[in-house]
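Q: Here it is: the structure, laid out below.
Throughout, read-outs are computed from the coordinates displayed, never taken from laboratory work. Being a predicted model, the structure only gives us computed values, none of them experimental. All Cβ positions, glycine included, derive from the backbone under ideal geometry; neighbour counts span all protein chains shown.
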Amino acid sequence: MIMFSERKDFDPAQLVRLYAHAPWASGRTVQDAREMLANTDLVLTAWDGKRLMGFGRVLTDYVYRASIWDVIVDPDYQGQDIGTQIMQRILDHPDLKQVELFWLCTRDKQAFYEKLGFSANEQTGMVWARAKHAKLK
Ligand SMILES: CC(C)(COP(=O)(O)OP(=O)(O)OC[C@H]1O[C@@H](n2cnc3c(N)ncnc32)[C@H](O)[C@@H]1OP(=O)(O)O)[C@@H](O)C(=O)NCCC(=O)NCCS
């Protein structure tokens, strides 16, 4: 049975194993993941026994804005509604019920998020990437 949790005190090595499946997160380290977890406002995990197989996290001010990051489901478990349940638990979370706007970035998973009610924002996001900036110097 799949269990969901909001606890952050799991072994970050499990998360790094999950990150390895996503090109945008595959180089992340256990040490950085540990620090990230400690500083993240809300963490949602999905477990098959002791195996972490789904993850999502939120950074928020609890009033105006919440951004959702790193939503990922182990390939062995994809297509079983787990990503949807992680997202639904975030969107329905009692601590976030005042939040006016949820925001996320996706390269190619628009169809997944549209099913949850997300729409493309008319505003154009801009980013400042440290790695790219360093190369320009
Ligand atoms: C995207 C992801 C989180 C979805 O999780 P999941 O548990 O497989 O998704 P679900 O089973 O809840 O699927 C929900 C719906 O979205 C659709 N969907 C899932 N993945 C999709 C994809 N890659 N492209 C298009 N639609 C997708 C499913 O077909 C399903 O539709 P249905 O209800 O009509 O059958 C998962 O595929 C994943 O981890 N991908 C790799 C990491 C990644 O790129 N994450 C997104 C970061 S922005």
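Q: Return a single number: how many Lys pairs in the chain, at a sequence separation of 8 or more or on separate chains, have alpha-carbon atoms below 25 angstrom apart. Display every interim value, and only then the final one.
A: Details: Lys8/Lys50; Lys8/Lys97; Lys97/Lys109; Lys97/Lys115; Lys109/Lys132.
Lysine pairs, 8 or more places apart or on different chains, close enough: 5.
Q: Show me, for region 100-113, the HN-Hα J-couplings you get by feeding each phi into the Karplus relation (A = 6.51, B = -1.76, C = 1.60, θ = phi - 60°), rounded to Hz, glycine and proline as x.
A: 7, 9, 9, 10, 8, 10, 8, 7, 9, 10, 4, 4, 4, 6
Q: Testing the spin-label approximation: label points 7 Å from Cα along Cα→Cβ at Glu35 and Gln78. State their distance in nm.
A: 3.0 nm
Q: Okay, next question. Where does the chain land at 222 nm, in deg cm²/dmol rounded to the nearest 500, when only DSSP H runs of n ≥ 4 count, each adding -39500 (n - 2.57), divided by all residues?
A: Values: 5 runs with 40 residues, N = 137.
Rounded to the nearest 500, the figure is -8000 deg cm²/dmol.
Q: So what's the gap between the Cα centers of region 72-118 and region 18-45, to the nearest angstrom?
A: Between the Cα centres of region 72-118 and region 18-45 lies a distance of 17 Å.
Q: For region 2-121, what is the convex hull volume of the alpha-carbon atoms per residue, in Å³? Walk me through the numbers on the way to the answer.
A: Working: hull volume 12.5 nm³, N = 120.
So the per-residue hull volume is 104 Å³.
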